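The values are calculated or read from the model by the stated rules, or taken from the named source; none is laboratory data. Everything numeric here is computed off the predicted structure, so don't read it as measured data. Reconstructed Cβ throughout: ideal geometry from the backbone, glycine too, with neighbour counts over all protein chains shown.
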Amino acid sequence: MAPIKDIDESALKEEARKKLTDYMSEHHQRKTPERYAVLDAVYSFDGLFDADQLYQRLEGQFRVSRASIYTTLDLLARIGLVVRNQMPSKVYYERNIPGQVHFYKACTECGKLERFSNDSMGRLLKEMSVKRFHPSMYSLTVSGLCSKCLSNINRRKKRLDKKKSSKPKADAVAKSGVKEQGKTPIKEKINK
């Protein structure tokens, strides 16, 4: 992942806190310390994380339930402060930095989600106009197989192919009644 250039972390965090406060005031929601603790923890991650990792990060610093974490993450995603990535077996989150394009590689075998950068595609997405719509975030997920899973699948396939190709030879030898490495065929044992 390419480093994010010229980002003032404290200003970004303060802007996120203001946006959360404004949203909760507008929608008559309680401004709880738990919500702000979750927001601060989210903005302490530099990349992708899941709810369990967020819970572990908060566990030693602030008492917050898993339910509060999930509801706050949903709230932050709705406001646009968090990018939510739904995979078949897991949900990943990432803080949303205004103007940043999010690209992900998602392995369909192991479920691993990894961020990558592509400057030319990022520029293209930002320049793309969408009629009657003002985009606030860009995210693109490319699904496929990671190199580790692809290697494992190819290895399994080779083993299966090897077993299939050696099985007909063993069947042919057994049917012909020919001795195989010093073994006496059953017919000869019976006749003796």
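Looking at residue 47, is it under 20 Å from the mean Cα position of the chain (by Cα) and at positive phi?
On the way: under 20 Å from the mean Cα position of the chain (by Cα): yes; at positive phi: no.
No, not satisfied.
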Note to self: Here's a check for you: in the stretch 129-146, which residue that is in contact with a strand residue (DSSP E or B) (Cβ under 9 Å, 6 or more places away or on another chain) and modelled with pLDDT under 85 is surrounded by the fewest Cβ atoms within 10 Å (Cβ to Cβ)?
What the structure shows: 142
Notebook entry, point to check: residue 21 passes all but one of (1) modelled with pLDDT under 95; (2) among the β-branched types (Val, Ile, Thr); (3) in a helix (DSSP H, G or I); which number fails?
Noted result: (1)
Margin query: Residue under question is residue 78, and the condition is that it be more than 12 Å from residue 50 (Cβ to Cβ), buried (at least 17 other Cβ atoms within 10 Å of the Cβ), among the charged types (D, E, K, R) and modelled with pLDDT of 85 or more; does it hold?
Written below: no
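The rows are residues; the columns are (1) exposed (fewer than 12 other Cβ atoms within 10 Å of the Cβ); (2) basic (Lys, Arg); (3) without any contact (Cβ under 8 Å) to a residue 24 or more places away in the chain; (4) assigned by TED's automatic domain parsing to the domain that holds residue 96.
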{"site": "14", "(1), (2), (3), (4)": "no, no, yes, yes"}
{"site": "23", "(1), (2), (3), (4)": "no, no, no, yes"}
{"site": "27", "(1), (2), (3), (4)": "yes, no, yes, yes"}
{"site": "30", "(1), (2), (3), (4)": "yes, yes, yes, yes"}
{"site": "40", "(1), (2), (3), (4)": "no, no, no, yes"}
{"site": "44", "(1), (2), (3), (4)": "no, no, yes, yes"}
{"site": "50", "(1), (2), (3), (4)": "no, no, no, yes"}
{"site": "53", "(1), (2), (3), (4)": "no, no, yes, yes"}
{"site": "60", "(1), (2), (3), (4)": "yes, no, yes, yes"}
